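The values are calculated or read from the model by the stated rules, or taken from the named source; none is laboratory data. From a predicted model like this one, the values you see are computed outputs, not experimental measurements. Note that each Cβ is placed from the backbone with ideal geometry, even for glycine, and that neighbours are counted across all protein chains shown. Quick note on the areas: whole protein, heavy atoms, side chains included, nothing else; ligands and nucleic acids left out. Shrake-Rupley method; radii C 1.70, N 1.55, O 1.52, S 1.80 Å.
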Amino acid sequence: MRIAYLECFSGISGDMFLGAMVDAGVPGGLLEKTVAALNVGARLEISRVVRSGIAATKVDVWVNGEKDLPREEYWEHEHHGHTHSHPGETRAGAPAPHGHSHGLGLTEIRKIISTASISEGAKKNAIAIFDALGRAEAKIHDTSIESVHFHEVGAVDAMVDIVCAAVGAEALGVDEIISSPLNVGGGIVKCAHGTFPVPAPATVEILADAPVYSSGLQAELVTPTGAAIVKTLASRFATFPEMKIEKSGYGAGSRDFPGHPNVVRLTVGEAAAALAAKTASETITVLEANLDDLNPQVFGYVMDRLLKEGALDAFGMPVQMKKNRPGTLLTVLCKPEDASKLTQLIFTETTTLGVRRRDEVRQTLARRWESVRTPWGEVRIKIASMNGTVTNYAPEYEDCRRIAAEHHVPLKTVMQEAARAYLVAGKNL
């Protein structure tokens, strides 16, 4: 089982996570291509820097020719009348003032992400990260999530960080991302709505139930976007796991603290057999509801909503109900922490009067992604293995569908060629 361990001893921000992934082997060109696919007037600048003696990769976001800044530098520039630098990803979580004409709402942001040329899995994770930001801001400001609007430039910064984080995490080819407890820093920080203690209100809200601490460094180390990324992509928080290390990477923050390396470290490797056996099973929640008076068109809509809101799987089965009425058994698999939210969605969107709920243990094969080259472009192959032996492999449908549409080639031909390319490689990729 391949895992990645994220060490946040100096906190985490969106750009730090991107830098660590690039340093650990995710192609910088993939992230640059992802930014171009968003078509939001942004670009990446990838460089090598040193933070307290540690060489690391730094990823900066430029929007319309202007570079993002840490929160403190942004407000210092504003205070001294400098107007040509914009807030970086740490400001993206603050909603624009009422009546602000340049704000981006979550509906617009979701649409931009949904139409980008990236995988469906990356889209799902990116939207989930942005929704975590939106929920935090909505609660803090006592409003609905759809009413939250992000400052336009800050929203673009965050969108770049978040979408690249989702795409890069997928490209790591790991079965699980684990995070250390988070060093949040200390002191105070200036926000759009005033001065607050560190961690900022949105960060506190996002990191509910996560293990956090402060090393005493008087600076904001965990940003709202960084918090949303780690809370969404990491399956759990733990100490360094037992693993065979393959590679590691360091992602640099913008500031350089004396005697304190402002970096996040990402370590990738194979989990020890004992750990793999332990983590091959997980507890999931099963939700069920019998439906016999729901418009079939609405059922399809409900399925899409459930999957978009975080369901691991959702499906319907025909059943014969009381009084011999034909109906549908709706079954939803989800993480336990998402069960209440999805139950509410079922009640809201369907005609059911009751939802059954139970927890079950499921075992999963270790999975990873590798790419193969076809005459029309690269296709990802999902590879499942047990005890190190490949048991199943399959071309990623969305990649094959996109290639078939772009090159006017039969879908089955693309899928067959991708499978052939995997076999010709002559190895368990």
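Which residue out of ARG358, ARG380, ARG367 is in contact (Cβ under 8 Å) with a residue 60 or more places away in the chain and in contact with a helix residue (DSSP H, G or I) (Cβ under 8 Å, 6 or more places away or on another chain)?
On the way: ARG358 fails: in contact with a helix residue (DSSP H, G or I) (Cβ under 8 Å, 6 or more places away or on another chain); ARG367 fails: in contact with a helix residue (DSSP H, G or I) (Cβ under 8 Å, 6 or more places away or on another chain).
Going through ARG358, ARG380, ARG367 in turn, just one is in contact (Cβ under 8 Å) with a residue 60 or more places away in the chain and in contact with a helix residue (DSSP H, G or I) (Cβ under 8 Å, 6 or more places away or on another chain): ARG380.
Can you say whether ASP175 is within 23 Å of the chain's Cα centre (by Cα), open to solvent by 40 Å² or more (accessible area, probe 1.4 Å), within 27 Å of LYS139 (Cβ to Cβ) and acidic (Asp, Glu), as far as the supplied structure shows? Walk me through how you get there before you give the answer.
On the way: within 23 Å of the chain's Cα centre (by Cα): yes; open to solvent by 40 Å² or more (accessible area, probe 1.4 Å): yes; within 27 Å of LYS139 (Cβ to Cβ): no; acidic (Asp, Glu): yes.
For ASP175, the condition - within 23 Å of the chain's Cα centre (by Cα), open to solvent by 40 Å² or more (accessible area, probe 1.4 Å), within 27 Å of LYS139 (Cβ to Cβ) and acidic (Asp, Glu) - is not met.
Hey, can you tell me all the residues within segment 388-403 that are open to solvent by less than 40 Å² (accessible area, probe 1.4 Å) and part of a strand (DSSP E or B)?
Residues satisfying the conditions are VAL390, PRO395.
For SER385, are the conditions met, namely being assigned to a strand (DSSP E or B), within 27 Å of the chain's Cα centre (by Cα), polar (S, T, N, Q) and closer than 11 Å to ALA418 by Cβ? Talk me through it step by step, then tell me what you get.
Values: assigned to a strand (DSSP E or B): yes; within 27 Å of the chain's Cα centre (by Cα): yes; polar (S, T, N, Q): yes; closer than 11 Å to ALA418 by Cβ: no.
Answer is no for this residue.
Can LEU306 be described as in contact (Cβ under 8 Å) with a residue 40 or more places away in the chain, within 20 Å of the chain's Cα centre (by Cα) and surrounded by 19 or more Cβ atoms within 10 Å (Cβ to Cβ)?
Numbers: in contact (Cβ under 8 Å) with a residue 40 or more places away in the chain: yes; within 20 Å of the chain's Cα centre (by Cα): yes; surrounded by 19 or more Cβ atoms within 10 Å (Cβ to Cβ): yes.
Taking the combined requirement at face value, the residue satisfies it.
Out of segment 12-29, which residues are farther than 24 Å from PHE257 by Cβ and either surrounded by fewer than 16 Cβ atoms within 10 Å (Cβ to Cβ) or over 16 Å from the mean Cα position of the chain (by Cα) (or both)?
Going residue by residue through segment 12-29, those that are farther than 24 Å from PHE257 by Cβ are 25-29.
Answer for segment 12-29, where residues must be farther than 24 Å from PHE257 by Cβ and either surrounded by fewer than 16 Cβ atoms within 10 Å (Cβ to Cβ) or over 16 Å from the mean Cα position of the chain (by Cα) (or both): GLY25, PRO27, GLY28, GLY29.
Yes/no per residue for (1) part of a strand (DSSP E or B); (2) not acidic (Asp, Glu):
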| site | (1), (2) |
| --- | --- |
| MET317 | yes, yes |
| THR331 | yes, yes |
| ASP338 | no, no |
| THR343 | no, yes |
| THR348 | no, yes |
| THR352 | no, yes |
| ARG362 | yes, yes |
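Taking segment 1-48, which residues are in contact with a Ser or Thr (Cβ under 8 Å, 6 or more places away or on another chain), of a type in the set (Lys, Arg) and in a helix (DSSP H, G or I)?
Listed by number, the list is empty, since nothing qualifies.
Can you tell me which residues in segment 369-387 are exposed (fewer than 15 other Cβ atoms within 10 Å of the Cβ) and polar (S, T, N, Q)?
ASN387 - this is the single residue of segment 369-387 that is exposed (fewer than 15 other Cβ atoms within 10 Å of the Cβ) and polar (S, T, N, Q).
What do you reckon, is LYS323 closer than 27 Å to THR107 by Cα, open to solvent by 70 Å² or more (accessible area, probe 1.4 Å) and charged (D, E, K, R)?
When the stated conditions are applied, LYS323 does not pass them.
Out of the residues in segment 366-377 meeting the condition of being at pLDDT 90 or above and assigned to a strand (DSSP E or B), tell me which one is nearest to TYR393 (Cα to Cα).
Narrowing segment 366-377 to residues at pLDDT 90 or above: 372-377.
So of that shortlist, the ones also assigned to a strand (DSSP E or B) come out as 372-374, 377.
Values: VAL372: 12, ARG373: 15, THR374: 16, GLY377: 19 Å.
Ranking the qualifying residues of segment 366-377, first place goes to VAL372.
Go through segment 220-233 and give me each residue that's of a type outside the set (S, T, N, Q) and either modelled with pLDDT of 95 or more or surrounded by fewer than 20 Cβ atoms within 10 Å (Cβ to Cβ) (or both).
Step one: of segment 220-233, the residues of a type outside the set (S, T, N, Q) are 220-222, 224, 226-231, 233.
Scanning segment 220-233 gives LEU221, VAL222, GLY226, ALA227, ALA228, ILE229, VAL230, LYS231, LEU233.
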